[in-house]
Amino acid sequence: MLLGQLPARLTAEQAAWVLNCQPHDVPVLVAARLLKPLGNPLPNTVKYFATADLLEQMKERNWLGRVTTTISQHWQNKNDRRRNRLTVTASGGQNGNLQSSAAV
């Protein structure tokens, strides 16, 4: 790699670094069609992203706003689902334990 120059293609980790986000956010952006991997990679293979495309997209303020919103909404939804699951488990688990104890 030339000093001071990015490679022509980036891994998900490298793309995340360029975007100043976490590597686990990259699949969220791909699913939202905000990032497009090179070629047609299979689901469980390493994804590469064109550096030139990423640098061009980063110049667009609207695109950056959509990236930020998409990542925020993803984590908000994931946390809400987790909270709901914990609430249901906690309330259902206590009632379930009381009922099974009373039946014995």
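Just a few scattered comments:
- Computed from phi, the 3J(HN,Hα) profile of segment 36-51 under the Karplus parametrisation 6.51, -1.76, 1.60 (θ = phi - 60°) reads 10, x, 6, x, 10, x, 5, x, 9, 10, 5, 9, 10, 10, 6, 4 Hz, with x in place of Gly and Pro.
- Within straight-line reach of LYS78, meaning a Cα separation under 26 Å, sit the following lysines at least 8 residues removed in sequence or on another chain: LYS36, LYS47.
- Relative contact order (%) - criterion: Cα under 8 Å, at least six apart; region: segment 9-95: 28
- Gain on full stretching of the segment that runs from GLN76 to LEU6 - 0.36 nm per residue minus C-alpha separation: 22.0 nm
Here, each number is a calculation from the coordinates, and none is a lab measurement. As the structure is a prediction and not an experimental result, all values here were calculated from the model.
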